[in-house]
1. Would you be able to tell me the number of residues in the range 50-81 that are under 17 Å from the mean Cα position of the chain (by Cα) and part of a helix (DSSP H, G or I)?
2. Among the residues of the range 28-49, which ones are under 12 Å from the mean Cα position of the chain (by Cα) and of a type in the set (S, T, N, Q)?
3. Which of the residues belonging to the range 99-114 are in contact with a strand residue (DSSP E or B) (Cβ under 6 Å, 6 or more places away or on another chain) and in a strand (DSSP E or B)?
4. I need a count of the residues in the range 105-117 that are over 22 Å from the mean Cα position of the chain (by Cα) and surrounded by 11 or more Cβ atoms within 10 Å (Cβ to Cβ).
5. Residues V19, V42, V61: which one is surrounded by 10 or more Cβ atoms within 10 Å (Cβ to Cβ) and touching an Asp or Glu at 6+ places or on another chain (Cβ under 8 Å)?
6. Could you check how many residues of the range 115-145 are without any contact (Cβ under 8 Å) to a residue 40 or more places away in the chain and part of a helix (DSSP H, G or I)?
7. Please work out if Q86 is outside any loop (DSSP other than H, G, I, E, B), touching a Ser or Thr at 6+ places or on another chain (Cβ under 8 Å) and either in contact (Cβ under 8 Å) with a residue 24 or more places away in the chain or loosely packed, with under 12 Cβ neighbours inside 10 Å (or both).
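No value in this document is a laboratory result; all are computed from the given coordinates. What you are looking at is a predicted structure, and each value in this text was computed from that prediction instead of being measured. Here the Cβ positions follow ideal geometry from the backbone for every residue, glycine too, while neighbour counts run over all protein chains shown.
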Amino acid sequence: MARSELLKAIEDLDLVEDVELIERALGTLFRLSRNFRFQEAVHQRSGFTADRASYGVLARVGELQPVRLSDLAHVLGVDVSTTSRQVAALEQRGLLSRSADPDDGRAVRLDLTPAGQQYLHRLSQAWHEIVAEALIDWHPREIAKFATMVDRFVANLASSTGTPGAVGAEQ
C-alpha cells in the first residue's frame, strides 16, 4: 500500500490518535532503555556492567552461534569494522571466542565462551525481572496477548524498514 493510501486508511478508520500514542510510547521506551538509571538497574540486578552494544553483540551471537563476523555485522546493521572492534573488546574480556570457519578459511566464526554464556544469562535474567515487574498487575491473558502483539509489531516494523535479523513473529 502506498504511503498516502496508508495515511488515508489510518484517518478513515479514526486511528490517528492510536498511532500517535504508539509512536510516543515507543519513543519513551527507546529513551528509557538508553537512560543511565535504567541501565544501572540492569547492571545492579545482573552484577555485570555492559553497554548496549556489547549486550546486543552477545545476544545475537548467543542466538546465532557459531556465526561469521560478516553475518553478525549484517544482523546488527553495522559495518564489519565496527563489529570487529566490538567483538575484539568482548574477546579480550573472555566473553567471545573466534575460530576459523571450516567452510571458508578466510572467515572467522564466533561463539560465546562459558563466561560469555553466564554473562548473557545474568543480563537476560535482569531484563526479565524488570519486564516482569512492569507487568506485575496485568492479568495473565493480557500478558499473553501483549506478548503476541508486540512480537507481531516488531516483526512487521522490521519487515517494513528492511531491518535484518529482527526476532519476531515473522522470523
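1. 19
2. In the first step, residues of the range 28-49 are kept if they are under 12 Å from the mean Cα position of the chain (by Cα); the result is 30, 33.
If the condition is that a residue be under 12 Å from the mean Cα position of the chain (by Cα) and of a type in the set (S, T, N, Q), then S33 is the only one that fits.
3. Applying the first criterion (in contact with a strand residue (DSSP E or B) (Cβ under 6 Å, 6 or more places away or on another chain)) to the range 99-114 yields 99, 101, 107-111, 113.
If the condition is that a residue be in contact with a strand residue (DSSP E or B) (Cβ under 6 Å, 6 or more places away or on another chain) and in a strand (DSSP E or B), then S99, D101, A107, V108, R109, L110, D111 are the ones that fit.
4. Number satisfying all stated conditions: 2.
5. Criteria check complete, one pass: V61.
6. Of the range 115-145, the ones without any contact (Cβ under 8 Å) to a residue 40 or more places away in the chain are 115, 118, 121, 128, 131-145.
Next cut, part of a helix (DSSP H, G or I) only: 115, 118, 121, 128, 131-134, 140-145.
Residues that pass the stated criteria total 14.
7. Working: outside any loop (DSSP other than H, G, I, E, B): yes; touching a Ser or Thr at 6+ places or on another chain (Cβ under 8 Å): yes; either in contact (Cβ under 8 Å) with a residue 24 or more places away in the chain or loosely packed, with under 12 Cβ neighbours inside 10 Å (or both): yes.
It is true that Q86 is outside any loop (DSSP other than H, G, I, E, B), touching a Ser or Thr at 6+ places or on another chain (Cβ under 8 Å) and either in contact (Cβ under 8 Å) with a residue 24 or more places away in the chain or loosely packed, with under 12 Cβ neighbours inside 10 Å (or both).
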